[in-house]
Every structure is written in structure tokens, then in C-alpha cells.
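A short write-up of the structure that comes next.
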Amino acid sequence: MSGELTKLQIKAYSDEQFNNEVANGEFQTLLNPEKYVFKYKVEQNNQQASGTSSSSPRYNRTPPEDLELEFIFDRTGVLVNYGNPATADDNELSADKGNGIKEDIDQFKRVVFDYNGDEHRPNYLVILWGTLLFKGVLTEVDITFKLFKADGTPLRATANAKFKGFVEDTLRVATENNNSPDLTHIREVKEGDTLPLMTYRIYGDPKYYLEVAKANRITNFRKLKVGQKIFFPPIDKVS
């Protein structure tokens, strides 16, 4: 472990393939969250015909996971040590420059909430922090302002945000395994994994790694991210 402090980042994309980054569409927290919560749900169909006795629930579907995060905005300079070692840069960033947290909140909303006029919808989002790699969209956010200057300018706020997971069509099809249940696989990148090594584990031969990289739109297969999900299509589609 390097011990280097990494800040949680949110990147905005205009397309559901996550290829086109939005201009000025990046937000980085000054203070990392204390926790994040994943919510998983399995929907069952409990309906039954009239006049029949009770029956066991039938599986309906598994919707994408939900992610809940709390963001802290602070320009008082006193919370810079909150959960992380402070640096000179942190103290400079946390100082009030006259507008309190207004610019921080505006950038946060611009990335996660504001309407993208070109796409006629809010942005698609990628949230990155440590092993967390989440793709999805915002469903709701509550912003609570807590501390103010004498003129009413807010200096501290918390934003409780909820995100709905999003899976690209290619990954969704591979996950569902509708066409090739025995030959399509999803694997999560672990520490020390390389694409040739992962390809060898699936196919028994590392020679297909370039085809796997192409199928996953991986441009630099030497820099896989821990937690990244990679799908390996049926071998007849990569051979």
C-alpha cells in the first residue's frame, strides 16, 4: 500500500456507453465519505389467481443495485482533518474565498443533477474511489445547509445522494447469459490481475486477450482497475 490519499471522484458522460466525457463534468470531494451503502433487491411476483390458495412467490427480476453516499461541503477550514491527514493544499482548498460553498455545490449539481441539453437528460455517472467503481445515474439528492456567515452565505452543507446502477447493453447481455450460459463469463479484476492472465483462466489460453479488450472497449489492457468488471464472450466469438 502506498498510503497516498485518494479523493472520491465523479465523472459525467453524455452517452450510455460511457465514451463521451462531459465538458467540465468532473467533481472531486474535498472530504472523503465515512461510508457508502449498496442496496440490492430481488423483485418477486406475489400475484395469484382469484379463488386459489396461497402460492410461493415467483422470481420476477433483479433490478440494478442502488448506491447511497453522503457528501460533505465545508469552507470553514476546521474539518480538513475529517477522516484524512491534512496537507497544505487541503487547508488552502478548504478556506473561504468569499462565496462559501456556493461554487462547490454548483459544480456538484452541474455534474450529477443538471439537465444535459444535448442529450435531453441528466448525465450518466461514473463514481470512483479505491475499489469502488460504480456506473449509474442520480435518482435523488437532499442538500442540508448547516453553517452560515453573518451575511447568510453558507459555509457547510451535507448532500445525501442516491444513485441507480446502470449496466451497458453489452455487459447486461453477458451477465444474463441468455444465449451462451456455459461460455459467457463475468469476472471482477482483483489485485495483481492482468488481462492475459484472466483470459487464460477462462479459455485456457491467453492469446484471446486482445479480443476480450476489444469486446470491453479497453484501450489500455496494461492498466486494469481493481473492482473493474470484465466480460468474456463465448469462445467462438473471440476465436
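Using amide H atoms built 1.01 Å from N in the peptide plane, name the residues 5+ places from Asp96, or on other chains, whose amide H lies under 5 Å from its own.
none
In whole Hz, what ³J(HN,Hα) sequence does the stretch 121-131 give by Karplus (6.51, -1.76, 1.60; θ = phi - 60°), x for Gly and Pro?
5, x, 6, 7, 10, 10, 10, 10, 6, x, 8
Show me, for the stretch 22-31, the HN-Hα J-couplings you get by feeding each phi into the Karplus relation (A = 6.51, B = -1.76, C = 1.60, θ = phi - 60°), rounded to Hz, glycine and proline as x.
Whole-Hz 3J(HN,Hα) from phi for the stretch 22-31: 7, 4, 6, x, 9, 10, 10, 6, 7, 10.
Stretched out fully, how many nm does the piece from Asn20 to Lys102 gain, at 0.36 nm a residue minus the Cα gap?
Answer, rounded to one decimal: 26.8 nm.
If the chain between Ala150 and Tyr200 were fully stretched, how many nm would it gain, using 0.36 nm times the residue separation less the Cα-Cα distance? Write out the running numbers ahead of the final one.
Working: separation 50, 0.36 × 50 = 18.00 nm, distance 6.39 nm.
Taking Ala150 through Tyr200 to full extension adds about 11.6 nm, to one decimal.
Which cross-chain or sequence-distant (5 or more) residues have an amide H under 5 Å from the amide H of Leu132, H modelled 1.01 Å from N in plane?
Here the answer is none, since no amide H 5 or more places off falls under 5 Å of that of Leu132.
Just to verify a number: FRET efficiency for Asp193 and Tyr40, C-beta to C-beta distance, R0 = 30 Å, to 0.05? Kindly include the intermediate steps, with their values, before the conclusion.
Working: r = 24 Å, r/R0 = 0.80.
That gives a FRET efficiency of 0.80.
Mind sorting Leu197, Leu67, Leu133 by how few other Cβ atoms lie within 10 Å of their own Cβ, fewest first?
Leu197, Leu133, Leu67
For Asp142 and Arg121, compute 0.36 nm times the residue count separating them, minus their Cα-Cα distance, and round to one decimal in nm.
5.6 nm
A short reminder: the numbers here are calculations on the coordinates, not readings from a lab. What you see is a predicted model, and the numbers here were worked out from it, not measured in a lab. When we count neighbours, we look across all protein chains shown, and the Cβ atoms used for this are built from the backbone with ideal geometry, even at glycine.
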